[in-house]
Amino acid sequence: MKKFDIPEYYRSSITGRIKEARRITDPRKRDFTPTELNFGPVKFYIARHFGFCYGVENAIEISYKALEENPDKRVFLLSQMIHNQEVNNDLQGKGIKFIMDTDGTQFIGWDELKKEDIVIIPAFGTTLEIEKKLDEIGIEVQKYNTTCPFVEKVWKRSEKLGEDNHTIIIHGKHNHEETRATFSHSSKTAPSVIVKDIAQTRTLGEVIKGNISREEFYKLFKGMYTEGFDPDVHFDKAGVVNQTTMLATETQEIADYIKQVMIEVHGQENYREHFADTRDTLCYATNDNQDATYGLLEQTADLAIVVGGYNSSNTSHIVELCERKFPTYFINSEKEIKSAEEIHHFNYPEKKMEVTDDWLPKGRETRIILTSGASCPDTLVDRVMLKILSFFPEATSVEDLVEEIVSTR
């Protein structure tokens, strides 16, 4: 895989070396068991796969290049480059201005932009409507378009489904930048509707079966279907694609459910004419991160720490998986760890910060699961580990232990 030119301070001297050692000994990623770091009084289980993915590193490289190549021009980002506060803050500190927030709320009006300005399209991509606005202003958008190729793969899959007269069912969060972009692109060639989870998909299934009226459909799915969508007509043929950071098992469950609905409506012998088996449109990093998390769930541990941006979809699903077995703390950086007795962490379902006391068990070997999302620099994971190790003064030296692990692989 291509090596990207990103700032050295995003690289890791601890977990990065461990990941590289695992990559060399297992290049095809057949082994998703975690790496065990036994420091004596505390033991860490480090996920086999975590941190920056291809799309993220590509976006960061292009963003910094845009700054370097245009020192005398204004440089803008449509919205957050990726869902990581540290990276976005760094870009803003170097002079990049954000045009809008992740929910589409604008900070800078289109009339404030000039054709000489540089506008970077983030890794999530953008809508055709926004591309048209920029084109009308005269801004060249392709030179610094950082849209992830795996997102573009979903767009191409949607286009093919549309050419075959399928309606596109998008598994995603309707207010997420990537889903908004995918919806815009799929709408160009096909009627499209967004479902956020299997529960909403079951409701959609009742629409397809005729048990929920079109009027009720319009109420239940307001803002999540294309203009002119007719549920009495457009569900004759359908295929499922997804926001690339969703939970893989749920996307598969949604596709399997829609398939069963089509079998019920059209019969076992005819369903293939009405349902496109698109398999899975998740990106490789989402798949690998989730597989690595399942590997973590095989361990015995006292708690799990997941590091990443609080608005990161792929990170939230790692949290969701870890919470199935461990007390799990979702933190942005080591700064949320106030002491061995107090940690501040994010409750993703309720979208609020919480404080937990006595979070770190001591007095025996403490076992900790540690991982991060695809938009999190490895250096943040290092800093979290080092902060926790500072509470165990008798722990083995980090340098000695990492050197031992790397040299034996």
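Here the chain is assigned +1 on the Cβ of each Lys and Arg and -1 on the Cβ of each Asp and Glu. Its dipole about the Cα centre then comes out at about 420 debye.
Backbone amide hydrogens, once placed in the peptide plane, bring Ile120 within less than 5 Å of Phe76, Leu77, Leu78, excluding anything fewer than 5 places away on its chain. Rounded to the nearest 5, the antiparallel percentage of DSSP beta bridges internal to the chain is 30%. Here the mean projected area of the convex hull built on the C-alpha positions of segment 275-325 is 4.7 nm².
In this structure the amide hydrogen of Phe326, modeled in the peptide plane, comes within under 5 Å of no amide hydrogen from residues 5 or more places off or on another chain.
When the C-alpha to C-alpha distance is required to be over 23 Å, the pairs from Lys188/Lys351; Lys94/Lys351; Lys325/Lys362; Lys97/Lys387; Lys19/Lys387; Lys73/Lys153 that qualify are Lys188/Lys351; Lys94/Lys351; Lys97/Lys387; Lys73/Lys153.
Along the axis of the charge dipole computed for the chain (Cβ charges of +1 for Lys and Arg, -1 for Asp and Glu, origin at the Cα centre), the listed residues Ile62, Ile130, Thr182 are led at the positive end by Ile62.
Based only on Cα atoms, what Rg/Rh ratio does segment 127-190 have, Rh being taken as Kirkwood's radius? We get a ratio of 0.99 for segment 127-190.
Taking the longest Cα principal axis of the chain as reference, the axis of helix 378-389 is set at about 40 degrees. One Cα centroid belongs to segment 349-409, the other to segment 158-218; the line between them spans 41 Å.
Under a model in which nothing but the beta-carbon of Lys, Arg (+1) and Asp, Glu (-1) is charged, segment 239-351 shows a dipole of about 200 debye around its Cα centre.
On a 0 to 90 degree scale, rounded to 10, what angle separates helix 128-137 from the longest Cα axis of the chain? Here the helix axis deviates by roughly 90 degrees.
Based on alpha carbons, the Rg and Dmax found for segment 147-275 are 13.5, 40 Å.
Suppose the Debye formula is applied to equal point scatterers at every Cα of segment 1-79; what is log10 I(q)/I(0) at q = 0.11, 0.15, 0.21 Å⁻¹? The calculated log intensity ratios at q = 0.11, 0.15, 0.21 Å⁻¹ are -0.44, -0.69, -1.04.
Summary value for the chain: 22 percent relative contact order, contacts being C-alpha pairs under 8 angstrom separated by 6+ residues.
Using per-residue counts of other Cβ atoms within 10 Å, averaged over each peptide, order 134-146, 43-55 from highest down. Intermediate values should be presented prior to the final figure.
Details: 134-146: 15.5, 43-55: 24.1.
Ranking the peptides 134-146, 43-55 by packing returns 43-55, 134-146.
Principal axis analysis of the Cα atoms in the chain yields extents of 69, 57, 40 Å, listed in decreasing size. Computed from backbone phi with θ = phi - 60° and the Karplus coefficients 6.51, -1.76 and 1.60, the 3J(HN,Hα) list for segment 344-353 is 9, 8, 9, 8, 5, x, 9, 6, 8, 7 Hz; x is used for glycine and proline. Ordered by solvent-accessible area of protein heavy atoms (1.4 Å probe), largest first, the residues Asp357, Asp72 come out as Asp72, Asp357.
Extent along the principal axes, Cα only, for segment 87-137: 30, 23, 17 Å, with the longest axis given first. Per Stokes-Einstein, at 37 °C and 0.692 mPa s, what whole-number D in µm² s⁻¹ belongs to segment 114-164, with the Kirkwood radius over Cα pairs as the hydrodynamic radius? My calculation gives 274 µm²/s for D. Run the Debye formula on the Cα coordinates of segment 76-235, all scatterers equal and no solvent, and tell me log10 I(q)/I(0) at q = 0.08 1/Å. Result of the Debye calculation: -0.28. Across segment 11-167 the C-alpha pair distances fall into 5 Å bins from zero in the proportions 2, 7, 14, 16, 15, 12, 10, 10, 7, 4, 2, 1, 0 percent. Across segment 158-171, rounded Karplus estimates of 3J(HN,Hα) from the backbone phi angles (6.51 cos²θ - 1.76 cosθ + 1.60, θ = phi - 60°) give 5, 4, 5, 4, x, 4, 9, 6, 8, 7, 9, 9, 9, 7 Hz, Gly and Pro being marked x.
If you take the square roots of the eigenvalues of the alpha-carbon gyration tensor of segment 352-409 and sort them as a ≥ b ≥ c, do you get rounded (a/c under 1.5), prolate (a/b over b/c) or oblate? In terms of gyration-tensor shape, oblate.
Phi angles across segment 400-405 convert, under the Karplus curve 6.51 cos²θ - 1.76 cosθ + 1.60 with θ = phi - 60°, into 3J(HN,Hα) values of 5, 5, 5, 4, 5, 5 Hz, Gly and Pro given as x. Scoring 182-194, 9-21 by mean Cβ neighbours within 10 Å over their residues and listing the highest first yields 182-194, 9-21. Segment 69-113 and segment 263-286 have Cα centres separated by 39 Å.
Rounded to the nearest 10 degrees, the angle from helix 284-297 to the longest Cα principal axis of the chain is 50 degrees. Excluding same-chain neighbours fewer than eight residues apart, the aspartates and glutamates reachable from Lys132 by a Cα-Cα span under 17 Å are Asp111, Glu112, Glu116, Asp117, Glu140, Glu177. Sorted largest first, the principal axis extents computed over the alpha-carbon atoms of segment 308-367 equal 35, 23, 17 Å. When only alpha carbons of segment 255-403 are considered, Rg and Dmax amount to 20.1, 67 Å. Taking a quarter of the surface of the Cα convex hull of segment 211-273 gives a mean projected area of 5.2 nm².
The values are calculated or read from the model by the stated rules, or taken from the named source; none is laboratory data. Model, not experiment: these values are computed from the prediction. As a convention, Cβ positions derive from the backbone with ideal geometry for all residues, glycine included, and neighbour counts pool all protein chains shown. Side chains are part of the model used for accessible areas, which takes the heavy atoms of the whole protein and leaves out ligands, DNA and RNA. Shrake-Rupley method; radii C 1.70, N 1.55, O 1.52, S 1.80 Å.
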